[in-house]
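Every number here is computed from the coordinates shown, using simple stated rules; none is lab data. The structure displayed is predicted, hence computed values, not measured ones. Cβ placement follows ideal geometry from the backbone for every residue including glycine, while neighbour counts extend to all protein chains displayed.
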Amino acid sequence: MHKNLYFTAVLLVELAIMAAFIWFLIYLFPTLDPNGYLFYGSAPHVPYLEQEISSTAVTIVRWIAYVLTACLILPMMVTILAELVRWQINRRKKYTPLPANTKEEEQVVRFDFHLKIQHYLIMIGVTVAGIFGLAQAFPDWAVSRWFVEEIWGGLELKRQFHHYFAYIIDFTVFYFIGYLAYKFFIKKEKLRAMLPSLQDFRDFFEMNLYIFGLRKEEPKYNRYTFGQKLDFYLIAIGIPTLSLTGLAMHYTTVSEPIITSTGIALAAVIHRSVAIFLVWFILSVHFYYAHLAAGLFPVNTVILTGKMSKSRYKALFPLDRERLEGNDGSN
């Protein structure tokens, strides 16, 4: 794609997402009042939520979730816009495009078979469960009511499908934990590549200095950048949180003796808040760095194939000598 067309298209997409997010924050603010919290009234957790919605604990958690969502997503959106502007400025001065990801060239393994399958499962589970779940979270939206009540079976069928795909997410969480356990205990791999380090903090500051024109070059990275680690940990924390809170909401006869009615109400609030955060994070940040960033647009096939051409990998992750020297281990 022509570079000016790429810049314009991605900039407009990111600006549209930011505008939608700001509108959503404005819309959501009045709903922080207990009387503004709307929900369909027949799910197992609803009686507990109705009983506890005005409690101090629930109110505090709802406000914390709102503030955290705004304070995390907005700065990341601004950084993406600044990064796009920096890319455009650099392109006009001097621009070295990323090498193409061609199959004819020697390939570097980035993700093994199990990681690819886990990504497919999470992608499908989160997308479908999210659509069915979030449509139920906003009954005051005409499009939500139309989708939930008027098409394809009504509310109960939507809830069933939300649960079916949530179970896919639950399975994937256990799959990933088992995968890590196998790698660590059986294969004796140290699994250090995704662990946070002091270098990540240095890279974060150096990258921001570069984006805002205070540093000539962006930092060089090992196998994962600080942004990819942040992406991973936010999703890795958010997905199990959705699973645990969703199970507590659905199986109240099991959860109530353990976490009480207040706990079930908190689980419902946290479940919705985390789902909202992940939707905006995936739309605005994850999708940009996975597919829309310079050199990746319109689609990054690495997560689909697990492989990348060696020249492209060297340009993106020059410090990952293990793979560049031919060791395809995944630790």
Check your understanding: Using alpha carbon centroids, what distance separates the range 1-66 and the range 168-225, in Å?
Key -> 28
Point to revise | Positive-end residue of Ala248, Tyr182, Phe111, charge dipole of the chain with Cβ unit charges | key: Phe111
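Once you keep just the Cα pairs under 8 angstrom separated by 6 or more residues, what percentage relative contact order results for the chain? Numbers along the way, then the final one.
Values: 308 pairs, mean separation 106.5, N = 331.
About 32 percent, as a whole number.
Computed FRET efficiency, Cβ-Cβ of Leu155 and Asp33, R0 30 Å: what is it to the nearest 0.05? If you can, show how the numbers build up before the last one.
Working: r = 25 Å, r/R0 = 0.83.
With a Förster radius of 30 Å, E is 0.75.
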Practice item. Determine the dipole magnitude for the range 133-265: charges of +1 sit on the beta-carbon of Lys and Arg, -1 on that of Asp and Glu, nothing else is charged, the reference point is the Cα centre, and the result goes in debye to the nearest 20. Key: 780
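With only alpha-carbon atoms in the gyration tensor, what are the semi-axes of the equivalent ellipsoid for the range 3-324, in Å, largest first?
Three semi-axes, in Å: 38, 24, 19.
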Practice item. Pick out, from Ala275, Ile259, Ala293, the residue whose Cα sits farthest towards the positive end of the charge dipole of the range 220-331, with +1 on the Cβ of Lys and Arg and -1 on the Cβ of Asp and Glu. Key: Ala293
Point to revise | Proximal aspartates and glutamates to Lys307, defined as alpha-carbon separation beneath 18 angstrom and excluding residues fewer than eight positions away on the same chain | key: Glu104, Glu105, Glu106, Asp112, Asp320, Glu322, Glu325, Asp328
Exercise for review: Over all directions, average the projected area of the Cα convex hull of the range 180-331 and note it in nm².
Suggested key: 12.4
Study note, to complete from the structure: Any residue on another chain or 5+ positions along whose placed amide H is under 5 Å from the amide H of Val108 is listed here as Met308, Ser309, Lys310
Review point. Each residue of the range 210-225 in order: what ³J(HN,Hα) in whole Hz does its phi give by Karplus 6.51 cos²θ - 1.76 cosθ + 1.60, θ = phi - 60°, with x for Gly and Pro?
Key: 5, 4, 8, x, 9, 8, 6, 10, 6, x, 9, 10, 7, 4, 10, 7
Review point. With the contact rule set at Cα under 8 Å and sequence spacing of 6 or more, what percent relative contact order holds for the range 138-252?
Key: 22
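With charges set only on the Cβ (+1 for Lys and Arg, -1 for Asp and Glu), what does the dipole of the range 3-324 come to about its Cα centre, in debye to the nearest 20?
Numbers: 31 positive and 24 negative charges, 359 e Å.
Rounded to the nearest 20 debye, it is 1720 debye.
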Check your understanding: Using the alpha carbon gyration tensor of the range 84-159, what are the three equivalent-ellipsoid semi-axes (square root of 5 times each eigenvalue), largest first, in whole Å?
Key -> 42, 23, 9
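Could you work out the mean projected area of the convex hull around the alpha carbons of the range 2-51, in square nanometres to one decimal?
Value for the range 2-51: 5.3 nm².
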